[in-house]
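Student: Below you will find the structure I want to go over with you.
The values are calculated or read from the model by the stated rules, or taken from the named source; none is laboratory data. What you see is a predicted model, and the numbers here were worked out from it, not measured in a lab. Positions of Cβ are generated from backbone atoms using ideal geometry, with glycine treated the same way; all protein chains shown enter the neighbour counts. Side chains are part of the model used for accessible areas, which takes the heavy atoms of the whole protein and leaves out ligands, DNA and RNA. Shrake-Rupley method; radii C 1.70, N 1.55, O 1.52, S 1.80 Å.
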Amino acid sequence: MLTIAIKIVYLMLSLSLLMAFIRLSRGPSLPDRVVSLELIASIVVAFVGVHAIDSGVASLLDVAIVIALTSFLAAVGFARFLERGAQG
């Protein structure tokens with residue numbers, strides 16, 4: 001039963017990643033693209049978490065935490081860039 005649920009989750013995450021890439025490529029403005037990049041990073045973290053559950057390797061959760069923290073810092077950096085760009 002768990003294998004079926006994991007396959008469904010992989011399928012749903014793959015579809016959401018595809019839609020996020022479409023949004024990234026068609027984003028009309030830079031803030032829309034930043035939001036889609038943050039969404040892609042969150043989906044990648046979810047992929048790593050599901051793979052950690054699927055494979056039973058607990059150290060992959062550390063990788064997911066590092067990816068999440070890195071994407072958070074990147075989002076903060078993009079937000080500061082957009083804020084300063086709007087002033088200048």
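Student: Among (1) over 21 Å from LEU69 (Cβ atoms); (2) part of a helix (DSSP H, G or I), which single condition is PRO28 missing?
Tutor: (2)
Student: Test of understanding: among ILE8, ILE43, ILE67, which residue is free of Cβ contacts under 8 Å to residues at least 40 places away in the same chain, in a helix (DSSP H, G or I) and exposed (fewer than 13 other Cβ atoms within 10 Å of the Cβ)?
Tutor: Working: ILE43 fails: exposed (fewer than 13 other Cβ atoms within 10 Å of the Cβ); ILE67 fails: exposed (fewer than 13 other Cβ atoms within 10 Å of the Cβ).
Being free of Cβ contacts under 8 Å to residues at least 40 places away in the same chain, in a helix (DSSP H, G or I) and exposed (fewer than 13 other Cβ atoms within 10 Å of the Cβ) holds for just one of ILE8, ILE43, ILE67, which is ILE8.
Each row is one residue, and each column tells you yes or no for (1) within 21 Å of LYS7 (Cβ to Cβ); (2) in contact with a strand residue (DSSP E or B) (Cβ under 8 Å, 6 or more places away or on another chain); (3) at pLDDT 95 or above.
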residue: SER36; (1), (2), (3): no, no, no
residue: ALA41; (1), (2), (3): no, no, yes
residue: VAL48; (1), (2), (3): yes, no, yes
residue: ALA52; (1), (2), (3): yes, no, yes
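Student: A further question on this structure: Against the condition of a type in the set (Asp, Glu), open to solvent by 100 Å² or more (accessible area, probe 1.4 Å), at negative phi and in a helix (DSSP H, G or I), how does GLU38 come out, does it pass?
Tutor: Numbers: of a type in the set (Asp, Glu): yes; open to solvent by 100 Å² or more (accessible area, probe 1.4 Å): no; at negative phi: yes; in a helix (DSSP H, G or I): yes.
No; evaluated as a whole, the condition is false for this residue.
Student: Still on this structure: Can you report the number of residues in segment 46-63 which are closer than 20 Å to LEU15 by Cβ and either outside any helix (DSSP H, G or I) or hydrophobic (A, V, I, L, M, F, W, C) (or both)?
Tutor: To start, the set of residues in segment 46-63 that are closer than 20 Å to LEU15 by Cβ comprises 46-51, 53-54.
Applying the additional criterion that residues be either outside any helix (DSSP H, G or I) or hydrophobic (A, V, I, L, M, F, W, C) (or both) yields 46-48, 50, 53.
Residues that pass the stated criteria total 5.
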